[in-house]
């Protein structure tokens, strides 16, 4: 495995863990907006590293399949919460559902990302 792919995967997993932790904090009426900003930055950096790695591995930075589409949607609820500060637990919950779908759908559909 190439070093850039290891960093890409590690960054995304770290962001996913932070997103789930943030969702749990929202359920307890605590709103860690600084942590949310950090998770968003880590996620975007991990996604961009994935594009660099994909370009070298597959010749295309964006091999379009369901995982790429969902990966572009995953941070949106969290970014929207960072901007609008709704303090509504359903916003990060929507992001967590997208994270879960990001792992289930590629396998169910047998895409390039089904590992």
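Observations, loosely collected:
- Principal-axis tilt of helix 33-58 within the chain, Cα atoms, nearest 10 degrees: 10 degrees
- For segment 76-115, the equivalent ellipsoid derived from the alpha-carbon gyration tensor has semi-axes of 28, 9, 5 Å in decreasing order.
- Kirkwood's formula applied to the C-alpha pairs of segment 16-56 gives a hydrodynamic radius of 11.2 angstrom.
- For the chain, the longest principal axis of the alpha carbon atoms and the long axis of helix 75-84 meet at an angle near 30°.
- Label-to-label distance, residue 108 versus residue 24, with points set 7 angstrom from Cα along the beta-carbon direction: 2.6 nm.
- Mean separation of Cα contacts under 8 Å (6+ apart) over length of the chain, as relative contact order %: 28 percent
- Its convex hull of Cα atoms gives segment 3-109 a direction-averaged projected area, equal to a quarter of the hull surface, of 6.5 nm².
- When the helices of the chain are scored as -39500 (n - 2.57) per DSSP H run of n ≥ 4 and the total is divided over every residue, the value at 222 nm lands at -26000 deg cm²/dmol.
Coordinate-derived values only; no laboratory data. Just so you know, these numbers come straight off a predicted model, no measurement behind them. Ideal geometry is used to build each Cβ from the backbone, glycine not excepted, and the neighbour counts take in all protein chains shown.
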